[in-house]
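Below: the structure, in structure tokens.
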Amino acid sequence: MDRCVVLVDAGYLLGAAASLLAGEPARSRITVDHAALIQGLRRRAEADTERPLLRIYWFDGAPDRVPQPEHRRLRVMPRVTVRLGALTRSDGRWAQKGVDAAMHAELTELARNRACSDIVLVTGDGDLLPGLMSAKEHGVAVHLWAVQAADGDYNQSEDLVAEADERRVLDRAWITRAVRAKELGGPCAPPPAPRPEIAAILSAPLPESAVAAAAAATSTSGTTDRPRGADGPGTPAPARSGGRESAPADTNGSGTAKVVPTPKDLAGLGRAHGSAAASAAPQPPAASATLRWSSDRGWVERGGPAGEPSETASLPTLAQLTSAEQRWADREEDITAVSGDPFEVGQVFARRWTERLSDTVHLQQLSTEYPRIPHRIDGELLRYAARFGLLAHKDDQIDEHDRYAIRAGFWREVDLRTAAGHTSAAD
């Protein structure tokens, strides 16, 4: 068939791009516009081979082969197929397992079935040499692409270079159309553009009541840990402001609390009426509330037998509001339309929750809790986000910034729904 296929070793392409632009092969040092990168690969392949594109295969590793947000964005793009190997951690370093074998199998299968006339390989791994030679024996022209090396030397296997029919180098000018270094002052580094919602949550001050409770807990315990009101039974709960309790700490995946204060405890972003109510009539602290903290093991019970605070215990979860037909449609949307961006994940969850509420009182009740998300709903939100790989462990810790972004997206969507409800009521 007179068509071309592109096989991309993402570890090589993005690692070499990071070395070129940021000085080290860590992919965390770069940001990638995947749509622009795929479009650039397609144009370059069709121009070099003079053949229309059949498909781009994107080979990458992921923890437990769970698609990460970038993989979810890629696999819904036209003419893109994502193949995932395992990503394992050994001696403090991440290593891909099974990616080379998957590329070798795809390369030989395409050539054997004569699915294309030209194959473009974006890789530097010499383990693909037998597959390359097999493809040539089946009459397929093999084009080997390299990323410009940071030190001006080859970053590919010499045997692979020698066997390829054609070789091209993706230079710095081509790479920077879709890849940028993250550091300020580095090559092609854009100014950071944090979401204002997340920045506001991070910079919000503690209310006076929460500060007083934290100071009292600190003086009692003699440590600088987070306020102990949510740490377990037998300890007083922190004071609440405007009917809002401080949020429970996130866990580190082992079911134990992570002793790190989080911006979810901050209540400075409360709505004007909530702040006014807080200053006018602060409520007494809850004596023995059970806090449910989400973890990779499921629910972990904390506190006394009283359960959820009465003002939030009546709020239904999304699972309770969702029918079997809606659950199937939700899963279909997650697979085909939701990119996995943390902010977007929070918005999608909030949209479904608010749309399925039969009683608007629940939405108004939730709004008074801002910026705290009730424990049961927050745990369900984080478990939903885990489907997208957002809560995967990174250096044995959960990425806190993703959690802030998820919750900021949740509140943004709730605000939009609340404003829309007020507008329709006024009309």
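Given the conditions (1) assigned to a helix (DSSP H, G or I); (2) at pLDDT below 90; (3) within 30 Å of R75 (Cβ to Cβ), and given that R376 satisfies all but one, which numbered condition is not satisfied?
Condition (3) is where R376 drops out.
Every residue in segment 19-39 that is at pLDDT 90 or above and in a loop (DSSP other than H, G, I, E, B), please.
D33
How many residues, within segment 108-127, are in contact (Cβ under 8 Å) with a residue 40 or more places away in the chain and closer than 21 Å to A62 by Cβ?
Going residue by residue through segment 108-127, those that are in contact (Cβ under 8 Å) with a residue 40 or more places away in the chain are 110, 114-125.
Filter once more, keeping what is closer than 21 Å to A62 by Cβ: 122-125.
Final tally of qualifying residues: 4.
Could you give me the residue pairs with C-beta distances under 9 Å whose first residue belongs to segment 37-50 and is farther than 15 Å from P78 by Cβ, whose second residue is part of a helix (DSSP H, G or I) wherever it lies, and which are 6+ apart or on separate chains?
R44/W174
Surrounded by 15 or more Cβ atoms within 10 Å (Cβ to Cβ), over 26 Å from V142 (Cβ atoms), touching a helix residue (DSSP H, G or I) at 6+ places or on another chain (Cβ under 7 Å) and among the charged types (D, E, K, R): does that describe R73?
Taking the combined requirement at face value, the residue satisfies it.
For A102, all conditions in the list (1) under 21 Å from P67 (Cα atoms); (2) touching a residue at least 60 places away in the same chain (Cβ under 8 Å) hold save one; what is the number of the exception?
Of everything listed in (1) under 21 Å from P67 (Cα atoms); (2) touching a residue at least 60 places away in the same chain (Cβ under 8 Å), A102 misses just condition (2).
A278: at pLDDT below 60, aliphatic (A, V, I, L, M), crowded, with 16+ Cβ neighbours inside 10 Å and under 21 Å from T418 (Cβ atoms), yes or no?
For A278, the condition - at pLDDT below 60, aliphatic (A, V, I, L, M), crowded, with 16+ Cβ neighbours inside 10 Å and under 21 Å from T418 (Cβ atoms) - is met.
Looking at segment 309-359, which of its residues are in a helix (DSSP H, G or I) and charged (D, E, K, R)? Can you show your working first?
Taking segment 309-359 and keeping what is in a helix (DSSP H, G or I), we get 310-313, 318-321, 324-336, 342-355.
Listed by number, the residues that qualify are E311, E325, R327, D330, R331, E332, E333, D334, E344, R351, R352, E355.
The values are calculated or read from the model by the stated rules, or taken from the named source; none is laboratory data. As the structure is a prediction and not an experimental result, all values here were calculated from the model. Note: ideal-geometry Cβ built from the backbone for every residue, glycine included; neighbour counts use all protein chains shown.
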